Amino acid sequence: MIRVPSANLAVAVLTNDDTYGPYFIQVIKYRILDSLLGLNPTDWNTLYQQTIKAKYAASLAVTPPPSSPVAPSVAYADLAGTYSNGAYGDVEFCYVSDSSSCQDLLAGLPNAGGARPTLVAQWNKLWASHVFMRHFDGDTWNLTLLDKRPVLDPTSGQRTGEFWGSGRGSYTAEFAVDESGNVGFGIRGGFWGAAAEPTAGTPLKPRAKFGLRRVLKVYSFFTFSGI
């Protein structure tokens, strides 16, 4: 909402779009103000399109993993297990290896293998059915959301097939271990539902032994709850 007390005017624009909604709001809000206040109209649509395009191009930039990545603080296989979060619930990751115990889970998933150590979980959320984490360096992993989406006939609207899609956003998961040996991971990159995140390079150290309610105020954090 924006208020102009001198003109006895206020404008509120609402949207339920997480990705582009904030830009829609600005374009519509300022276009209304231009009209109501008798100002020379500005092409807000073009201005914000340029901003969106620049941010989208930046989001496509990929930082390649180091040629000799440092191993995580906890052995790869030992990171497999169930993690809990007060908002998202439980998620069970398995470690993908040559003798993986999660081959049934991997069946039919695209690009399930790869040279980098990988953790995968079935999630069954509205926006994603699976979560992949691939090791990047040290305790940092790349996190990808996957979902099987329908292919619809443009005329009838009937479902004609399916394809795998990647969830929007570029996320990084970082594992941490407290003084008692408890394991958890936090997610950076604007993960939905998270509040303000630590800045890049800030160690993910929860305030009280991964006190979940406290940590959720900072960023989306999952604690290890069992194997």
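Here is how the numbers come out for the structure above:
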{"read-out": "The stretch 42-106: Rg to Rh, with Rh as the Kirkwood radius over Cα pairs", "value": "1.23"}
{"read-out": "Where Rh is the Kirkwood radius over Cα pairs, Rg/Rh for the stretch 39-158", "value": "1.11"}
{"read-out": "Efficiency of FRET between S156 and D178 - r from beta-carbon atoms, R0 45 angstrom, step 0.05", "value": "0.25"}
{"read-out": "Inter-site label distance for T46 and T82 at 7 Å from Cα along Cβ, in nm", "value": "5.8"}
{"read-out": "Gain upon complete extension [I2, A107; 0.36 nm per residue less C-alpha separation]", "value": "32.7 nm"}
{"read-out": "3J(HN,Hα) from dihedral phi, the stretch 14-31, Karplus parametrisation 6.51/-1.76/1.60, rounded to Hz, x for glycine, proline", "value": "10, 8, 10, 9, 6, 7, 10, x, x, 6, 4, 4, 5, 4, 5, 4, 6, 5"}
{"read-out": "Point-to-point label distance, I32-V70, nm (Cα→Cβ direction, 7 Å offset)", "value": "5.1"}
{"read-out": "Of all accessible heavy-atom area on the stretch 11-136, the percent that carbon and sulfur account for (1.4 Å)", "value": "55"}
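The values are calculated or read from the model by the stated rules, or taken from the named source; none is laboratory data. Computed from a predicted model, the values in this text were never measured in an experiment. As a convention, Cβ positions derive from the backbone with ideal geometry for all residues, glycine included, and neighbour counts pool all protein chains shown. For accessibility, only protein heavy atoms count, side chains too; no ligands or nucleic acids. Shrake-Rupley method; radii C 1.70, N 1.55, O 1.52, S 1.80 Å.
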